[in-house]
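Encoded as structure tokens, the structure appears first; notes follow it.
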Amino acid sequence: MRFPAKFILISIVSLSCFTSAYGQINFLGKPGLIRIPKPSFIDKRDNIQFQASYLPVEYAINNFMNRKSNEFFYSVQLRPLSWVAVNFVLTRPTDIPRIGIGDRHLDFQFFILNQKKYGINLSAIFSPALAASFIDHNSIFISRIMDISNSISIEPVLGYGLEVNFREPPKKSQLDDMGYQWIAKSVFGNYYLSGFFGGLQVNLKDKAFFSAEYDTQYINLGVSATIFKKIGLQVNYFDLKTISGQISYKVYLDKSLKRDMKGYE
Amino acid sequence: MNKLLLSIIFLFSCTSAIAQDVAELKAALYAVGFEQVLIFPMRSTSKGIVYMTGVEHRGINNPAEVVRLANSISQELGFNQNKFVLLYKGQALFESTIEHQSIRTADFSDTDAMDLFRKFSVSKYRINVVIDPDIQIRFGYFENPIQSKIGVLIGSDIILARGLSLFTGLMIPIQNDLDSESNQLKLGPTFFEYFTPLAKNHYTQLSVGLFHNNRYGLDFEYRFFPYDGRLSLGFRYAKTGFYYFPDKSIFFDSVTDDLILGNVEFLFPKERISVSLDFGQFLARDQGVRFFFIKQYKNIEIGFFSSATKLGNTSGFNFTIPLVPGKLIRSKSFELRTNDSFRWEYSYSNEGAIGRDFNATRSIKNNLRRFNSNLFNNY
């Protein structure tokens with residue numbers, strides 16, 4: 001594991017020297033570090049972004065039928081308004097039979113304050129309670145981007161994720177009140193973003209991003225680069241023990257997709 | 001006498017030069033995919049002649065781009081003051097001009113309407129053959145998590161008269177583990193469709209035949225759509241039945257299903273977002289409401305919806321995208337291309353037909369939305 005990890009890290013860092021990056025996204029496709037989100041925009045241009053990421057079984061989130069497995073997360077993200085992003089995630093654990101298509105998750109990220117006007121970036125994520133709840137998270141977080149030199153800036157992120165969810169209890173729990181109520185996320189085996197989290201992202205000339213974070217469970221490191229302005233590659237080092245990765249693809253929507261329009265825009 | 005002769009010759013050479021230029025413009029516009037290019041002079045100014053140009057482009061799903069493309073090509077050929085009238089199936093909608101990169105729209109006059117009417121000819125359309133994948137997927141059954149029915153529809157909208165078309169095609173099934181329809185080559189949706197404005201801002205469409213989504217029967221739609229307004233209202237009534245193709249035959253259920261829907265839609269032009277509410281009776285006598293939130297991008301439309309009906313509640317999304325590569329073959333009278341408005345919808349619930357309609361890609365509610373001129377300068 002050691003050699004390929006180093007190799008990937010080195011190749012990404014070297015790739016990033018001659019490509020441009022629009023920023024780093026977390027494993028769910030949101031602006032973020034590795035597992036935690038961040039409140040600053042990545043890209044001002046209209047775009048839709050598709051991502052596949054991989055979580056090794058030790059850090060898996062979905063515990064369908066009380067079993068964990070290596071997981072793939074497929075996500076689509078769109079920002080229809082400047083202040084809200086919609087994120088759709090499909091979770092597919094491998095090696096678990098009879099999983100159906102996988103759990104679907106939807107959430108909204110609201111960009112409430114931006115640094116230009118208010119000195120800090122403030123953002124909140126809201127997950128409506130759907131059937132599957134493994135990655136439901138309702139959190140609020142802040143950051144501030146600080147220029148260290150002409151080519152380097154750093155962005156500390158600090159946030160808090162609710163440890164409870166407002167939803168119906170599990171069917172087997174046989175409570176007197178089976179209606180919507182505040183229930184600890186751990187009842188559903190959901191430990192993602194429960195409590196305080198934080199991290200630091202270093203941005204090198206907008207070309208390479210290095211991240212370190214505490215995601216309420218583990219300390220993770222990550223490095224990313226964007227190639228051909230559309231494909232994002234990222235390598236993550238979970239709990240300083242296991243290497244994993246993610247790949248994303250961006251389609252810009254502010255340019256004409258019609259060949260007849262070529263040269264006439 | 002000589003002077004008169006000379007001036008006649010001069011005048012003649014001038015008009016023939018202009019006619020030559022107009023022919024050149026026409027050819028240039030047809031070459032980039034325009035159809036029904038109708039050019040006629042309106043008036044003469046110090047900068048030259050102002051031409052009214054009727055244009056339609058079935059391969060570009062954004063009317064603002066259609067106007068910009070037509071204008072760029074006209075400018076290249078020295079036509080600096082052209083006005084463009086957007087046509088939809090040959091029916092004139094409104095007039096657009098470009099000044100300082102921004103599109104201005106206006107109503108056209110009655111005489112312009114008469115000119116466009118007289119110049120219209122069915123022969124000015126190409127035979128337009130469109131490759132359109134038909135992908136139906138049901139997610140989530142444990143034994144078979146992705147049940148799908150995939151086919152390719154090779155279809156053509158044959159324009160028969162102003163506003164009147166016959167859509168027909170051939171469905172090539174690729175695979176099906178979703179329902180019992182046979183995997184043989186079969187007739188695609190085949191229906192007559194007549195679109196016409198009734199008066200300024202009032203439009204109707206009537207269709208009869210075998211529609212998309214295995215429905216057949218009659219479909220009527222009315223829409224109040226002021227092209228420069230924000231609010232639009234619609235009404236749809238359809239009486240349909242179910243049809244499908246079991247092995248080597250065709251099965252028709254009786255035409256007893258009434259769809260009666262009202263619609264209110266409001267546009268936020270700066271954000272390019274429409275909020276839309278359907279209410280009434282959907283397919284399968286399901287009564288309730290469906291709320292849409294639709295965002296427009298240059299060639300892509302993305303919608304999020306929530307339905308609450310007698311059959312249950314669901315949410316989901318849909319998108320309309322142009323398929324690559326687009327144009328495959330284009331000649332003077334023929335064009336083969338992939339669908340420029342491929343639509344696909346995902347619904348969270350896969351139990352029952354909650355708030356369903358049919359033939360959505362053809363409804364004037366969905367097709368006129370992009371013609372709102374408030375959007376034109378906001379992409």
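A short reminder: the numbers here are calculations on the coordinates, not readings from a lab. It should be emphasised that the depicted structure is a prediction, and the values quoted were computed from it without experimental measurement. FYI the Cβ positions are ideal-geometry reconstructions off the backbone, even for glycines, and counts take in every protein chain you see.
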Rounded to whole angstrom, the alpha-carbon centroid of the stretch A:24-73 lies from that of the stretch B:322-378 at a distance of 31 Å
Between B:Ser331 and A:Lys205, what is the label-to-label distance in nm when each label sits 7 Å out along the Cα-to-Cβ direction? 5.4 nm
State, to one decimal in nm², a quarter of the convex hull surface area for the C-alpha atoms of chain B, i.e. the direction-averaged projected area. 20.9 nm²
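Could you calculate the FRET efficiency of A:Arg259 with A:Tyr54 from 1/(1 + (r/R0)^6), where r is the beta carbon distance between them and R0 is 25 Å, rounded to 0.05?
Working: r = 35 Å, r/R0 = 1.42.
It comes out at approximately 0.10.
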I want to verify a result. In a Gaussian network model of chain A, Cα cutoff 10 Å, which of these has the top mean-square fluctuation: A:Ser139, A:Ser173, A:Ser123? A:Ser173
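Could you give the size of the charge dipole of chain B about its Cα centre, using +1 on the Cβ of each K and R and -1 on the Cβ of each D and E, expressed in debye and rounded to the nearest 20? Could the numbers behind the result be given before it?
Details: 41 positive and 37 negative charges, 190 e Å.
Approximately 920 debye in magnitude.
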Just report the Cα centroid separation between the stretch B:275-305 and the stretch B:38-68, whole Å. 33 Å
Choose one of A:Ile48, A:Leu162, A:Leu240: the residue whose Cα lies farthest towards the positive end of the charge dipole of chain A (beta-carbon charges +1 Lys, Arg; -1 Asp, Glu; about the Cα centre). A:Ile48
With +1 on each Lys and Arg Cβ and -1 on each Asp and Glu Cβ, and nothing else charged, work out how big the dipole of the protein assembly as shown is about its Cα centre, in Debye to the nearest 20. 1300 debye
For helix B:63-76, what angle does its Cα long axis make with the longest principal axis of chain B, in degrees from 0 to 90 and rounded to 10? 30 degrees
Long pairs among B:Lys83/B:Lys270; A:Lys171/B:Lys239; A:Lys44/B:Lys200; B:Lys83/B:Lys239; A:Lys250/B:Lys83, criterion Cα-Cα beyond 32 Å: A:Lys171/B:Lys239; A:Lys44/B:Lys200; B:Lys83/B:Lys239; A:Lys250/B:Lys83
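Using DSSP loop states and a limit of at most 15 other Cβ atoms within 10 Å to flag trypsin sites (Lys or Arg not before Pro), what is the longest stretch of chain B containing no flagged site? Working shown, then result.
On the way: sites that count: B:Lys47, B:Lys200, B:Arg230, B:Lys248, B:Lys270, B:Lys310, B:Lys332.
Within chain B, the longest run free of exposed trypsin sites (Lys or Arg not before Pro) spans B:48-199.
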Mind checking which of B:Ser96, B:Asn299, B:Gly288 is farthest towards the positive end of chain B's charge dipole, using Cβ charges of +1 (Lys, Arg) and -1 (Asp, Glu) about the Cα centre? B:Ser96
Looking at B:Asn82, B:Tyr194, A:Phe197, which one has the Cα that reaches farthest to the positive end of the dipole of the protein assembly as shown (charges on Cβ: Lys, Arg +1; Asp, Glu -1)? B:Asn82
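Report the full-extension gain for the segment B:Tyr194 to B:Ile135: residue separation times 0.36 nm, less the Cα-Cα distance, to one decimal in nm.
On the way: separation 59, 0.36 × 59 = 21.24 nm, distance 2.68 nm.
Result for the pair: 18.6 nm of gain on full extension.
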Under a GNM of chain B (C-alpha, springs under 10 Å), which listed residue has the highest mean-square fluctuation: B:Leu267, B:Leu328, B:Leu233? B:Leu328
About the Cα centre of the stretch B:154-300, how large is the charge dipole given +1 on each Lys and Arg Cβ and -1 on each Asp and Glu Cβ? Please answer in debye to the nearest 20. 640 debye
With a ≥ b ≥ c from the Cα gyration tensor eigenvalues, square-rooted, and the rule rounded for a/c under 1.5, otherwise prolate when a/b > b/c and oblate otherwise, the stretch A:153-240 is prolate
At R0 = 60 Å, how high is the FRET efficiency between B:Glu76 and A:Val187 if r is their beta carbon distance? Nearest 0.05 is fine. 0.35
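Run the numbers on chain A and let me know its relative contact order in percent, using alpha-carbon pairs under 8 Å that are six or more apart.
Numbers: 665 pairs, mean separation 56.6, N = 265.
About 21 percent, as a whole number.
Counting alpha carbon pairs within less than 8 Å and at least 6 residues apart, what relative contact order, in whole percent, applies to chain B?
Values: 855 pairs, mean separation 44.0, N = 379.
Answer for chain B is 12 percent.
At 37 °C and a viscosity of 0.692 mPa s, what translational diffusion coefficient does Stokes-Einstein give for the stretch B:240-375, taking Rh as the Kirkwood radius over Cα pairs? Give it in µm²/s as a whole number.
Working: Rh = 17.0 Å.
Here the translational diffusion coefficient equals 193 µm²/s.
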Chymotrypsin sites (Phe, Trp or Tyr not before Pro) restricted to DSSP loop in the stretch A:172-251 with at most 12 other C-beta within 10 Å: A:Tyr180, A:Phe228
Once the other residues with Cβ under 9 Å from the Cβ of B:Gly326 are scored (Lys, Arg +1; Asp, Glu -1), what is the net sum? +2
Where the centre of each part is set by its Cα atoms, how far does the stretch A:188-244 sit from the stretch A:103-162, in angstrom? 14 Å
Go ahead and set up a Gaussian network model of chain A, Cα springs under 10 Å, then flag whichever of A:Gly195, A:Gly179, A:Gly29 fluctuates most. A:Gly179
